[in-house]
Amino acid sequence: MKTINDFNFENKRALIRVDFNVPMDENFNVTDTNRIEAAKPTIIKVLEDGGSVVLMSHLGRPKGQVVPDLSLEHICSTVSDVLGVQVNFVSTSVGEEAEKAAANLENGQVLLIENLRFNAEEEKGGDDFAEQLSKLGDVYINDAFGTAHRAHASTTVVAKFFPENRCFGALLAKEIEAIDKVMQTGEKPVTAILGGAKVSSKITIIENILDKVDHLIIGGGMTYTFIKAKGGQVGDSICEDDKMELALDILKQAKEKGVEVHIPVDVIAADEFSNTANTKITDVDKIEEGWQGLDAGPKTLEIFKDVILKSKTILWNGPIGVFEMESYAKGTIEIGNYIAEATQKGAFSLVGGGDSVAAVKQFGFQDKVSYVSTGGGAMLESLEGKSLPGIAAITA
């Protein structure tokens with residue numbers, strides 16, 4: 001796996017695919033700079049070596065149209081502030097103007113080109129567009145894990161125009177290493193904690209990781225499909241009736257592979273889907289009609305705690321309850337606490353996939369786990385065992 005550490009960028013111009021798809025307010029102020037900060041080590045390495053940088057990214061979904069509100073010019077000053085380097089901007093992504101701006105860069109300088117998705121060929125993975133992009137640099141670096149599962153011109157196709165001079169940026173390399181640690185080289189016992197509402201959205205992940213984990217903790221709305229499939233009463237809890245056979249099959253596969261599955265034994269049930277509903281603790285398989293399970297109960301959390309604290313490698317994907325409502329956030333917060341404690345004792349912990357990442361940020365666990373993935377869809381696809389085009393293009 002070639003990374004930026006295998007290159008000296010002195011007098012070289014690096015074309016870096018970053019993920020600057022950042023949120024902005026109505027005045028075009030960036031409201032979360034995490035993705036820009038995540039790309040900083042790669043950019044600074046090139047500059048400190050004595051090279052220059054051309055940054056390319058998408059922003060939003062302009063679908064091949066020029067949408068002024070989605071111009072990367074809006075974020076240029078924020079990128080400058082985060083990097084501590086003045087970033088120049090060019091209002092096109094390919095062609096004479098972009099090539100001239102790139103050619104005029106001196107060592108130590110940074111250029112940000114316009115939103116890649118203003119050109120329809122970006123998402124189509126067009127060869128001509130990719131070749132035009134390749135003229136902007138001597139070396140290609142992919143540091144955008146968030147789009148690594150897309151076979152776009154800037155994430156995949158452009159790499160072939162740099163047969164010897166392509167590599168992973170620091171961020172993307174860390175993502176690959178973190179997933180590899182869980183899926184391939186992790187110290188045992190390995191525990192996967194899967195939450196979220198639907199079994200259907202996690203089935204491929206579950207099937208792929210059963211060969212790699214010792215413990216599987218199931219939480220969130222998925223719980224009730226498993227419980228109902230086993231003959232329990234789930235009241236008005238979310239349940240995928242058409243996935244009950246699948247749930248039983250997963251339990252059978254797990255047993256055959258020697259994986260211990262831990263499903264909640266009690267829950268916080270509410271008489272409506274509301275933060276101010278009446279609540280009670282009830283056995284997970286005895287939820288009355290008119291009530292729905294919205295968080296893990298105290299006995300469940302004790303069981304989960306015991307499993308997590310004995311684990312040496314931990315993957316967390318999906319919340320344990322409806323953490324967006326304070327009344328049902330305790331389960332998710334406690335899971336975060338247990339993982340933080342296990343990590344402090346030497347376990348490796350990876351958090352990935354939209355909602356669990358949001359929970360980790362909301363409750364301040366970012367610095368208490370080993371790694372928080374930056375890519376939602378890309379993370380999920382790699383956990384499903386799929387080859388990501390953006391990664392395959394560099395290693396080809």
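The values are calculated or read from the model by the stated rules, or taken from the named source; none is laboratory data. Since the structure is predicted, the reported quantities are computational estimates derived from the model, not experimental observations. Cβ sites come from the backbone with ideal geometry, for glycine too, and all protein chains shown count toward neighbours. Quick note on the areas: whole protein, heavy atoms, side chains included, nothing else; ligands and nucleic acids left out. Shrake-Rupley method; radii C 1.70, N 1.55, O 1.52, S 1.80 Å.
Observations on the structure shown:
- At full extension, E177 and T395 could sit 77.1 nm farther apart than now, given 0.36 nm per residue minus the alpha carbon distance.
- Annotation: per residue accessible area for the chain equals 42 Å², rounded to a whole number [probe 1.4 Å, protein chains only].
- Reachable aspartates and glutamates, given that their alpha-carbon falls under 16 Å from the alpha-carbon of K255 and they are not under 8 places away in the same chain: E207, D211, D214, E245
- Computed over the Cα atoms of the chain, the ratio of the radius of gyration to the Kirkwood radius (Rg/Rh) comes to 1.03.
- Overall form of the stretch 4-131 per C-alpha gyration tensor (a/c, 1.5; a/b vs b/c): oblate
- Under Karplus coefficients 6.51, -1.76 and 1.60, residue-wise ³J(HN,Hα) of the stretch 263-279 in Hz, glycine/proline x: 10, x, 9, 9, 9, 8, 9, 10, 8, 7, 7, 7, 5, 9, 5, 6, 10
- Counting only Cα atoms, the size of the stretch 259-396 along its three principal axes is 56, 31, 31 Å, in decreasing order.
- Close amide H contacts of I217 (hydrogens built in the peptide plane, cut-off under 5 Å, sequence separation of 5 or more or a different chain): A192, I193, L194, H262.
- Extension gain, E73 to T276: 0.36 nm times the residue separation minus the Cα-Cα distance gives 68.7 nm.
- Residues whose amide H falls under 5 Å from that of S52, counting only those 5 or more places apart or on a different chain, are K12, R13, A14, G108, with hydrogens built in the peptide plane.
- Computed helical MRE - 222 nm, the chain, DSSP H runs ≥ 4 contributing -39500 (n - 2.57), nearest 500: -10000 deg cm²/dmol
- Three-way shape call for the stretch 74-116 based on the alpha-carbon gyration tensor, with the a/c threshold at 1.5: oblate
- Distance between the C-alpha centres of the stretch 88-154 and the stretch 228-274: 47 Å, rounded to the whole angstrom.
- Accessible-area composition of the chain, carbon plus sulfur, in percent [1.4 Å probe]: 44 percent
- Three-way shape label, the stretch 43-107, alpha-carbon gyration tensor, a/c 1.5: oblate
- Among the trypsin sites (Lys or Arg not before Pro) within the stretch 280-324, those in coil by DSSP and having at most 14 neighbouring Cβ atoms inside 10 Å are K310.
- Amide H contacts under 5 Å for E114: V90, T92, S93, restricted to partners 5 or more places along the chain or on a different chain, H placed in the peptide plane at 1.01 Å from N.
- Each distinct pair of alpha carbons in the stretch 188-322 adds a 1/r term; the inverse of their mean, the Kirkwood radius, is 14.8 Å.
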